[in-house]
Structures are given as structure tokens and as C-alpha cells.
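The values are calculated or read from the model by the stated rules, or taken from the named source; none is laboratory data. Since this is a predicted model, take the numbers as computed values, not measurements. Every residue, glycine as well, gets a Cβ built from its backbone with ideal geometry; the counts of neighbours run over all protein chains shown. These area figures cover heavy atoms from the full protein model, side chains too; ligands, DNA and RNA do not enter into them. Shrake-Rupley method; radii C 1.70, N 1.55, O 1.52, S 1.80 Å.
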Amino acid sequence: MKLFFTYSIAALPIFSRSFDESSKAHVKASANELASPEIKCFPVLPSTKFSKEPPMFEATTISVGRGTYYPFQMIGAPDKNLGEFSFTPYPLAGFDKNPLHKGMVCYGIDLREEKEPQGFTLKYLIEMYKNSSNKEKFFNGDNFFEKLCGDGQLRSDIINGKTEQEIKARWKRDLDQYKMLRNRYLLYPDNRYL
């Protein structure tokens, strides 16, 4: 005996709502998060106001500030070439118990002091690679970077010194097609940068 069910789905409009509005998190999304600033940076980092940077740092030797009271708001590694700002990750109650570079001084960038990027950016990823004194070990060797970004071309482009504009130009046609397709499914107007 086969049973068939019919369902109808309705989207209920929420007036005066758009993607441009930020929402405040009432519950920590992860053990590493504190509040809204980290959420905005997480996608520079998986991202506070830097949510437009990719989470690809997770597949590199760059710490994203886990083990500090400002996770996802700073980036760095034990390499003085990466910047003048420094932080030292430690296990903290309620946070990551085994942060990358635990107990080591990391040098890099305090994202809380940076201007918010206009749209998705690879700026910090490219900058960290370019300044790294150990480029051979910058990317983890397990292809995790390729899993995060979809293919091996981005790693190759960064290694070969391509600019952010050159890399984005390669993505333009596919992104334009995606934007057209996604418009059919949006519930709210989306005026954000992609």
C-alpha cells in the first residue's frame, strides 16, 4: 500500500526586513564565539565585520584567534613577518581547549582595527601568504583548503601571485549565473555585496 501526501508551503513575509540588517545573536553559535562582532568577522574567518572573508584560514597555519577573548577578530601565526600585532592563544574556559599555536606568540592583524571590507574579500588570505616566511607549509597538506573553496585553482592562484581582482575575474561568469538563479528563491530583498 502506497500513501501519498500533498504539502503546501507558504513563506510568511516579515515586513521591513532585508539582508542589510544585522541581527544580534542571543546564543553562542560555537564555543569560540562571544557576540555579534565575531559573527560579522567569521566568514574573514569562517567572520565580525569581516564575514566577507572566506573561512579558508581554517586550512592554513594561520590562527584565527581561537584561544583568546577575541576569536575570529584577529589572525596570525608565530612568524614576525605577518605583522606587528601580536596575541598568544591559550585554552580558556568556555572556548577552544586546544587552539592552534597554543602558548606561542602569534603575529598578524587585529581585524577589530581594520576598515570593514566592501563585499567578499581575499585580501587577508593573500596578504598572509605573501608575507609568510614559510610558504611551503602555509597551506595544510590534507587538501582541506580545496574542500573549503571547491577546487585547487585558488591555492594555485595565490601561490602564483595573482591579485584578488584577477582571481575574482575568473569567478565572475559563474557568480553572475548563480545570482540570477538565486533571485527566484529569495524571501527578502538582498542589496548586499556578494
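List of remarks:
- Just so you know, in the stretch 162-186 the residues that are among the hydrophobic types (A, V, I, L, M, F, W, C) and assigned to a helix (DSSP H, G or I) include one that is least open to solvent (accessible area, probe 1.4 Å), and it is I167.
- Of all the residues in the stretch 128-161, those that are among the aliphatic types (A, V, I, L, M) and open to solvent by less than 30 Å² (accessible area, probe 1.4 Å) number 3.
- Subset of the stretch 92-143 (residues that are among the aromatic types (F, W, Y), assigned to a loop (DSSP other than H, G, I, E, B) and farther than 26 Å from R170 by Cβ): F95
- Residue match in the stretch 79-97 (condition: touching a Leu at 6+ places or on another chain (Cβ under 7 Å), within 28 Å of I167 (Cα to Cα) and either modelled with pLDDT of 85 or more or open to solvent by less than 20 Å² (accessible area, probe 1.4 Å) (or both)): no
- Residues of the stretch 153-188 that turn out to be under 22 Å from T60 (Cα atoms) and of a type in the set (S, T, Y), as a count: 2
- Candidates are the residues of the stretch 48-78 that are in a helix (DSSP H, G or I) and under 22 Å from F144 (Cα atoms); the one that is modelled with the lowest pLDDT is F50.
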